[in-house]
There are 2 protein chains.
Amino acid sequence: MNNLFKALNDPTRRAILELLKEEDQSAGAIAAHFDISKPSISHHLDILKRAELVVGIRSGQFIHYSLNMTVFDEVIGWLMQFNSNNKK
Amino acid sequence: MNNLFKALNDPTRRAILELLKEEDQSAGAIAAHFDISKPSISHHLDILKRAELVVGIRSGQFIHYSLNMTVFDEVIGWLMQFNSNNKK
DNA sequence: TAGATGTTTAGGCAATTGTCTAAATGGTTA
DNA sequence: TAACCATTTAGACAATTGCCTAAACATCTA
């Protein structure tokens, strides 16, 4: 849960997720959307990978990144506990 | 959205939210649950307040903190966009 | 008004984070 | 194999974060 919020706590990483929501993309294609160096994007992708929010699959020279939707449910679940009316 | 994830990206702050889910509490009562100085807890509360995740209402010397449930929906809404099947 | 209690503000410090450039790794193709 | 392209790793640096102690502020009560 901590890794998840850490990964989500950055505008660039959230933008990457929104990009991947539209279409799976290679690391380079992702980087092309930002005014940030490729190594930095690579680092962001690593953090997203560790949080299991994205998955990277190598295909030749390219590594194609895509969302791992299931993990989002975990965060949603944590947040949902506050919306139920089980106050003491 | 940025302030929200920033506020949520800390174990102590998330624990404070879980405490307040059970019962509204004063700043001092909240601090008593942690092995952290009161000023530090006060600072955490300030961050939660800025994110509008909690509300503090003074009652005499005490300030009673409670959750502002509505804001949680904003985060849930952002996360939900990834679970729909509107991929291109 | 003093003194006591609850909370926040101020200032400082170590750890973490996001960025960069340079160099290394993995894979393709001539 | 050599040149090339895609990506990551390494190392450095400034900005941010979370913690602390000391001091200030706010409120109540004697």
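What follows draws every value from the coordinates through simple rules; no lab data is involved. Keep in mind it's a predicted model, so treat the numbers as computed, not measured. With ideal geometry, Cβ positions are generated from the backbone for all residues, glycine too; neighbour counts draw on all protein chains shown.
For residue A:40, the stated conditions hold: it is of a type in the set (Ser, Thr, Tyr), farther than 27 Å from residue B:19 by Cβ and within 11 Å of DNA strand C (Cβ to nearest atom). The residues listed here are A:73, A:10; of these, the one that is of a type outside the set (A, V, I, L, M) and within 16 Å of DNA strand D (Cβ to nearest atom) is A:10. Just so you know, in region A:43-63 the residues that are within 18 Å of residue A:1 (Cα to Cα) and near DNA strand C (Cβ under 8 Å from one of its atoms) include one that is surrounded by the most Cβ atoms within 10 Å (Cβ to Cβ), and it is A:44.
If I filter region A:55-88 down to residues being within 11 Å of another protein chain (Cβ to nearest Cβ) and aliphatic (A, V, I, L, M), which single residue comes out as farthest from residue B:19 (Cα to Cα)?
So the first thing to find is which residues in region A:55-88 are within 11 Å of another protein chain (Cβ to nearest Cβ), and the list is A:66-88.
Among the residues that remain, those that are also aliphatic (A, V, I, L, M) are: A:67, A:69, A:71, A:75-76, A:79-80.
Numbers: A:67: 32, A:69: 29, A:71: 24, A:75: 18, A:76: 19, A:79: 14, A:80: 15 Å.
The extreme case among them is A:67.
Residue B:26 falls short of the stated requirement of being within 11 Å of DNA strand C (Cβ to nearest atom) and loosely packed, with under 15 Cβ neighbours inside 10 Å.
Looking at A:48, A:19 in this structure, which one is within 25 Å of residue B:12 (Cα to Cα), in a helix (DSSP H, G or I) and either touching a residue at least 12 places away in the same chain (Cβ under 8 Å) or within 14 Å of another protein chain (Cβ to nearest Cβ) (or both)?
Details: A:19 fails: within 25 Å of residue B:12 (Cα to Cα).
It is A:48.
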